[in-house]
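Asker: First, the structure itself, so that you have it in front of you.
The values are calculated or read from the model by the stated rules, or taken from the named source; none is laboratory data. Remember, it's a predicted structure, so these values are computed and weren't measured experimentally. Quick reminder, even Gly has a Cβ in these numbers, built from the backbone with ideal geometry, and neighbours come from all protein chains shown. Side chains are part of the model used for accessible areas, which takes the heavy atoms of the whole protein and leaves out ligands, DNA and RNA. Shrake-Rupley method; radii C 1.70, N 1.55, O 1.52, S 1.80 Å.
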Amino acid sequence: VSPEQIIKVKAPPTITLNPIDDVCAPAVITPMYDFDLCEATTQEFNWIITGGTSPTDWEFIGGTNASSPNPIINFITPNTYTITVELTNECGTASSSQEFTLQPVPEITNTDLIQTICSGVQVDEIVFESTEPGTTFSWITTATANINDEIPSGSGSSIPAHVLTLTDNNPGSVTYSVTPSLGDCEGTTID
C-alpha cells in the first residue's frame, strides 16, 4: 500500500478591475479589484496607465508605484485614460483594464468684473467667457434693498443689458455670482 499523497494544483491568477467612474480634474484614484491567486504562493502587480505621460498628466503618489498592490494615482490633465493591472504568480499572468474620462473643469475668463453706473443708466451686457467650449453658466443675484430692476437669478450665456435704479439717494450694489459648468464638473464661482 502506497502512502497517501497530497497533490496541490496551482493555476494562473485571476483579476478583475472594478469600473472607474468619469471624474472632474484633478482627481486621485485608488483602483479597486477582485483577484484570486489560485493556490499560488507568489504575487507581483504591474500597473500600466495609458492616455498621457507621467508626471505631467498623471503620477503615482503616497509612496506608491507601478508595482504596488494598491497604488494611489493622481490624474491631472483632462483626457481619456486606461488603467491596466497585471497580476503574476508562478503559474502565469492575468490582466484587467478599465477606461475612464478625466473631465475638464471650466473657468470663467472674463476680466472686466465691475461696472460703476449712475441710477437710471443701462448696465452693459455681461457675456460670459470660459476656458472650455460648451460651458453653461448660472448665477445667483443679490442686491441691496435700495436697488430696482436687477436681473433675477437664472442661467444662460449672458446677463442682458438692463437699467438699474436707486429708490433713495444712497449708493447700492448688485452682485451676480456666476458659476460655470461643463457636464458634471462645476467651476469656481466668480462675482
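Asker: In the stretch 1-73, carbon and sulfur make up what percent of the accessible area (probe 1.4 Å)?
Answerer: Here carbon and sulfur together make up 54 percent of the probe-accessible area.
Asker: Continuing with this model, one more query. What is the spin-label model distance, in nm, from THR109 to ILE6 if the labels are put 7 Å beyond Cα along the C-beta direction?
Answerer: So the two model labels end up 6.8 nm from each other.
Asker: So for the chain, averaging the separation of alpha carbon pairs under 8 Å that are six or more residues apart and normalising by length, what relative contact order in percent results?
Answerer: Normalised by residue count, the contact order of the chain is 19 percent.
Asker: Also, quick follow-up: Per-residue HN-Hα couplings for the stretch 91-98, Karplus 6.51 cos²θ - 1.76 cosθ + 1.60 at θ = phi - 60°, whole Hz, x for Gly and Pro?
Answerer: Using θ = phi - 60°, the values come out as 9, x, 10, 10, 9, 8, 10, 9 Hz.
Asker: Each label point is 7 Å from the Cα along the Cα-to-Cβ direction; what then is the distance between the points at SER95 and THR82, in nm?
Answerer: Label at SER95, label at THR82, 0.8 nm between them.
Asker: In addition: How much accessible area per residue does the stretch 65-127 have, counting only protein heavy atoms and a probe of 1.4 Å, in square angstrom?
Answerer: With all protein chains present, the stretch 65-127 gives 53 Å² per residue.
Asker: With θ taken as phi - 60° and the coefficients 6.51, -1.76 and 1.60, list the Karplus ³J(HN,Hα) couplings across the stretch 168-180 in order, rounded to whole Hz; mark glycine and proline as x.
Answerer: Listing the rounded values in order: 8, 8, 9, x, x, 8, 10, 10, 9, 8, 9, 10, x Hz.
Asker: Looking at the chain, send over the antiparallel percent of its DSSP beta bridges, to the nearest 5.
Answerer: Antiparallel bridges make up about 95 percent of those DSSP assigns within the chain.
Asker: Could you calculate the contour length gain from THR30 to THR14, that is, 0.36 nm times the residue separation minus the distance between their Cα atoms, to one decimal place in nm?
Answerer: Here the answer is 3.8 nm.
Asker: Using 0.36 nm times the number of residues separating ALA145 and ASP168, minus their current alpha carbon distance, what extension gain do you get?
Answerer: 7.3 nm is the gain from fully extending ALA145 to ASP168.
Asker: A further question follows. In the stretch 1-68, which GluC sites (Glu not before Pro) are in a loop and have at most 15 other Cβ atoms within 10 Å, using DSSP for the loop call?
Answerer: GLU4, GLU39
Asker: Going by a 4.7 Å Cβ-Cβ cut-off, which cysteines of the chain have no partner at all?
Answerer: CYS38, CYS91, CYS118
Asker: Find the centroid of the Cα atoms in the stretch 1-72 and in the stretch 132-170, then give the distance between the two in whole Å.
Answerer: Their Cα centres are 52 Å away from one another.
Asker: Now for a separate question. What number in nm² do you get for the chain if you take the convex hull of its Cα atoms and divide its surface by four?
Answerer: With every direction weighted equally, the projected area is 16.3 nm².
Asker: For TYR81, TYR33, what's the largest-to-smallest order of accessible area, 1.4 Å probe?
Answerer: Descending accessible area places them as TYR33, TYR81.
Asker: Give a residue-ordered list of calculated ³J(HN,Hα) values for the stretch 46-54 (Karplus: 6.51 cos²θ - 1.76 cosθ + 1.60, θ = phi - 60°; whole Hz; x for Gly, Pro).
Answerer: Along the stretch 46-54, the couplings run 9, 9, 10, 10, 10, x, x, 10, 8 Hz.
Asker: Over the Cα atoms of the stretch 35-111, what Rg and Dmax result, in angstrom?
Answerer: Cα radius of gyration and Dmax of the stretch 35-111 are 16.2, 63 Å respectively.
Asker: Here's another thing I want to ask about it. Which of ILE126, LEU113, PRO180 sits closest to the plus end of the dipole of the chain, meaning its Cα is farthest towards the positive end, when Lys and Arg get +1 and Asp and Glu get -1 on the C-beta?
Answerer: PRO180
Asker: Tell me, rounded to the nearest percent, the portion of alpha carbon pairs in the stretch 100-191 spaced more than 15 Å apart.
Answerer: In whole percent, the long-distance tail amounts to 61.
Asker: Take the Cα of THR41, step 7 Å along the line toward its Cβ, and report every residue of the stretch 1-31 whose backbone nitrogen sits under 17 Å from that point.
Answerer: Within reach of a label on THR41, which here means backbone N under 17 Å from a point 7 Å along Cα→Cβ, the stretch 1-31 contributes 6-13.
Asker: Efficiency by 1/(1 + (r/R0)^6): what FRET value for ALA66 and THR116, r their Cβ-Cβ distance, R0 = 45 Å, to the nearest 0.05?
Answerer: Approximately 0.20, to the nearest 0.05.
Asker: Shifting gears a bit: How large is the convex hull of the Cα atoms of the stretch 82-152 per residue, expressed in Å³ as a whole number?
Answerer: Spelled out: Cα convex hull of the stretch 82-152, divided by residues, is 152 Å³.
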